[in-house]
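**Q** Take a look at the following structure, please.
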Amino acid sequence: MNLDYFQLIDRIVDLDIAKQTIVVEAQVPQQHTIFEGHFPGFPIMPGVLLTEAMAQSSGWLLLGVLKFERMPFLAIVKEAKMRGFVSPGQLLTIDAKVEHEGSGFAVTKAKGRVGKELKCSAEITFGLAPFPDPAFRVHMDAMANKIGFPLQAMPHD
């Protein structure tokens, strides 16, 4: 995780386009200023960042399913549940699955775990739109490469 740049996904562990599922890993930093205030003496990952990590995981899944032809933008977070604490230094594993895609929207369900312990879950809806700018698409391609997005899932020119 690079909290300063809001990059909450470190690597894609598995992406199955046919099953419309993804598994990602995110190493929570051992130290960060965010933990100084959340909470002093009891540092935990903020629930809003856990929700964002699930949304980013789902977003990468949707990019693969959509063959990078449209960009998912967060629209609705439904049934977000924080089920336990995620502490500095822990490895967060997130899995997500597409529940629906069509009519300009997509819905995913995502879960975050530390080891086998469920820590968070949510149903997330995205609006699907063209990439807003060619330079942004280039940036997303670079990020995909950085986190190990499988090349076979990328569109072929």
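The values are calculated or read from the model by the stated rules, or taken from the named source; none is laboratory data. Just so you know, these numbers come straight off a predicted model, no measurement behind them. For neighbour counting, all protein chains shown are included, and Cβ atoms are generated from backbone atoms with ideal geometry for every residue, glycine included. When the accessible area is computed, the model is the full protein with side chains, heavy atoms only, and any ligands, DNA or RNA have been set aside. Shrake-Rupley method; radii C 1.70, N 1.55, O 1.52, S 1.80 Å.
**Q** Percent of accessible area on the chain owned by carbon and sulfur, 1.4 Å probe?
**A** Numbers: 4600 of 8350 Å².
About 55 percent, which is the carbon plus sulfur part of the accessible surface.
**Q** If you keep only loop residues by DSSP, which trypsin sites (Lys or Arg not before Pro) in the stretch 48-139 have at most 12 other Cβ atoms within 10 Å of their Cβ? Mind showing how you got there, number by number?
**A** Working: sites: Lys67, Arg70, Lys78, Lys81, Arg83, Lys97, Lys109, Lys111, Arg113, Lys116, Lys119, Arg137; in loops: Lys67, Arg70, Arg83, Lys116.
Taking the stretch 48-139 and a limit of 12 other Cβ atoms within 10 Å, the loop trypsin sites (Lys or Arg not before Pro) found are Lys67, Lys116.
**Q** So, one more: Could you tell me the center-to-center distance, by alpha carbons, between the stretch 1-59 and the stretch 78-103 in angstrom?
**A** So the two Cα centres are separated by 9 Å.
**Q** For Thr21, tell me the accessible area in Å² from a 1.4 Å probe, rounded to the nearest 10.
**A** Looks like 40 Å² after rounding.
**Q** Give, in nm to one decimal, the length gained when the segment between Lys78 and Lys116 is fully stretched (0.36 nm per residue of separation minus the Cα-Cα distance). Numbers along the way, then the final one.
**A** Values: separation 38, 0.36 × 38 = 13.68 nm, distance 2.32 nm.
So the chain would gain 11.4 nm between Lys78 and Lys116.
**Q** Can you work out the accessible area per residue across the stretch 45-138, with the rest of the protein chains kept in place, probe 1.4 Å, in square angstrom?
**A** Details: 4340 Å² over 94 residues.
Using a 1.4 Å probe on heavy atoms only, each residue of the stretch 45-138 averages 46 Å².
**Q** Compute a Gaussian network model of the chain, connecting alpha carbons closer than 10 Å, and tell me which residue from Gly41, Gly84, Gly112 fluctuates the most.
**A** Checking each option, the largest mean-square fluctuation is seen for Gly41.
**Q** Let me ask another. For the stretch 112-128, just list the computed ³J(HN,Hα) in residue order, Karplus coefficients 6.51, -1.76 and 1.60, θ = phi - 60°, integers in Hz, with x standing in for Gly and Pro.
**A** After applying 6.51 cos²θ - 1.76 cosθ + 1.60, I find x, 10, 10, x, 9, 8, 5, 10, 7, 7, 6, 9, 10, 10, 10, x, 10 Hz.
**Q** Given 0.36 nm per residue, what is the gain on full extension from Phe6 to Val23 after removing their alpha carbon distance, in nm?
**A** Details: separation 17, 0.36 × 17 = 6.12 nm, distance 1.89 nm.
Here the segment from Phe6 to Val23 would lengthen by 4.2 nm.
**Q** Measure of size requested: the Rg and Dmax of the stretch 1-78, with Cα atoms as the atom set and Å as the unit; please supply both.
**A** 14.3, 46
**Q** To continue, here is another question. If the viscosity is 1.002 mPa s and the temperature 20 °C, what translational diffusion coefficient in µm²/s does Stokes-Einstein give for the stretch 6-51 when Rh comes from Kirkwood over Cα pairs? Write out the running numbers ahead of the final one.
**A** Numbers: Rh = 12.5 Å.
In µm²/s, the coefficient is 171.
**Q** If one takes the longest principal axis of the Cα atoms in the chain, at what angle in degrees, from 0 to 90 and to the nearest 10, does the Cα axis of helix 134-146 lie?
**A** On a 0 to 90 degree scale, this one is about 60.
**Q** List, in order, the whole-Hz ³J(HN,Hα) value for each residue of the stretch 3-8 obtained from phi through the Karplus relation with A = 6.51, B = -1.76, C = 1.60 and θ = phi - 60°; use x for Gly and Pro.
**A** Rounded to whole hertz, the list is 4, 4, 10, 6, 9, 9.
**Q** Sticking with this one: Compute the angle between helix 47-65 and the longest alpha-carbon principal axis of the chain, please, reported from 0 to 90 degrees and rounded to the nearest 10.
**A** It works out to around 20 degrees.
**Q** Determine the calculated [θ] at 222 nm for the chain from helices alone, applying -39500 (n - 2.57) to every DSSP H run no shorter than 4 residues and normalising by the residue count; nearest 500 deg cm²/dmol.
**A** Numbers: 3 runs with 36 residues, N = 157.
Mean residue ellipticity, 222 nm, calculated: -7000 deg cm²/dmol.
**Q** Enter the per residue convex hull volume of the stretch 64-151, computed from alpha-carbon coordinates, in Å³ rounded to the nearest integer.
**A** Values: hull volume 10.8 nm³, N = 88.
Spelled out: Cα convex hull of the stretch 64-151, divided by residues, is 123 Å³.
**Q** Once amide H atoms are placed 1.01 Å from N in the peptide plane, what residues at a sequence separation of 5 or more from Gln7, or on another chain, have their amide H within under 5 Å of its amide H?
**A** Long-range HN contacts for Gln7: Asn2.
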